[in-house]
Amino acid sequence: MSHPTIQLRPGVNNVNQWQGAERKRAVPDKLRKQVLARDDFTCASCNHRAMKWMHIHHIADEENDELENLATICPACHAVMHFGLSMQFGSLEIWKSPIAQVEIVRQTREGIRKGLTLAEINASFSLKKGKLAPDSMRWANDLLASIEAEPRAELPEPLCAVFVEFKQWQVDA
């Protein structure tokens, strides 16, 4: 089985896909190890490789723990994939940018390695405000309201998520 590829877009899952509190860990440890080994500890979105902190992402159905429905994803890309939750924690904002989302993640990671601040990094993305405030939860709430029966909805381009606060391991992992 080959390494899956996931296009990176800020999105939300249908509330019917949300995992309940009774599910303490997204996938069992044995399966997690299989996915990480298959994917060579490499993010399916940005191709970042790290031996620690990598997440396991459900590609489609959140309850389907079959190997082909799982992919390794870095914490930064996972934050983007579930941007509503990330915005609740104050780690992301939504802006318009001509730069692809995956490049924003890659350039943020590279900027952090070079010792730049998030403000310095984000200034390089030619950011423009969208129809809502960059930190408005309405971005996620409006998207959730539009889903209907679809399992997932994503913000349209050129809307992108940029990091405004994070823990070092989320980007350096």
Considering ASN47, ASN64, ASN16, ASN69, which residue is at pLDDT 95 or above and surrounded by fewer than 18 Cβ atoms within 10 Å (Cβ to Cβ)?
-> ASN47
Please work out which one of (1) out of contact with any His (no Cβ under 8 Å at 6 or more places or on another chain); (2) small (Gly, Ala, Ser); (3) at pLDDT below 95 is the condition ALA37 fails and give its number.
-> (3)
Of the residues that sit in segment 133-154 and are out of contact with any strand residue (DSSP E or B) (no Cβ under 8 Å at 6 or more places or on another chain) and either touching a residue at least 60 places away in the same chain (Cβ under 8 Å) or of a type in the set (Phe, Trp, Tyr) (or both), which one is nearest to ILE6 (Cα to Cα)?
-> GLU150
Please go through segment 127-152 and pick out each residue that is of a type in the set (Gly, Ala, Ser) and exposed (fewer than 12 other Cβ atoms within 10 Å of the Cβ).
-> ALA145, SER146, ALA149
Has segment 79-93 got any residue that is touching a residue at least 60 places away in the same chain (Cβ under 8 Å) and in a strand (DSSP E or B)?
-> yes
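The values are calculated or read from the model by the stated rules, or taken from the named source; none is laboratory data. Every value quoted in this text rests on a predicted model; they were computed, and no experiment measured them. Backbone-built Cβ (ideal geometry, glycine too); neighbour counts: all protein chains shown.
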